[in-house]
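Reading through the structure tokens given below for one structure.
Just so you know, all these numbers are worked out from the coordinates, no wet-lab data involved. The structure displayed is predicted, hence computed values, not measured ones. Note that we place each Cβ from the backbone using ideal geometry, even for glycine, and neighbour counts take in every protein chain shown.
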Amino acid sequence: MERGVYKVGGIDPEADQSWSRYLRAVLAFSLVSVLFLYAFLRLQNHFGHPYAVPRMGGSQSWNTAASFVTNTNWQSYSGEN
């Protein structure tokens with residue numbers, strides 16, 4: 001199964017990962033994570049989520065997404081309170 005995933009993904013299991021390739025991977029994953037979380041925060045009220053944060057604006061959603069992904073955990077709302 002692992003070989004199949006490598007083949008489909010075009011991954012060479014014997015290749016080393018350089019620091020620049022690692023940096024690109026981390027930045028790409030972080031960007032996708034911020035965009036996904038931003039979209040989730042903006043759209044969660046449309047899916048009837050029972051614990052949705054009420055109507056978060058664009059800048060507040062972006063601030064929350066960026067703070068969670070960068071692990072700074074700085075929000076301008078009370079969160080779980």
Report task. Give the number of residues within the stretch 24-48 that are within 29 Å of Arg3 (Cβ to Cβ) and surrounded by fewer than 11 Cβ atoms within 10 Å (Cβ to Cβ). Result -> 3
Query raised in the report: For Arg55, which of the numbered conditions (1) in contact (Cβ under 8 Å) with a residue 12 or more places away in the chain; (2) exposed (fewer than 11 other Cβ atoms within 10 Å of the Cβ) fails to hold?
Result: (1)
Query - Matching entry among Arg3, Arg55, Arg21, Arg42 (being on the phi > 0 side of the Ramachandran plot and among the basic types (Lys, Arg)) - result: Arg55
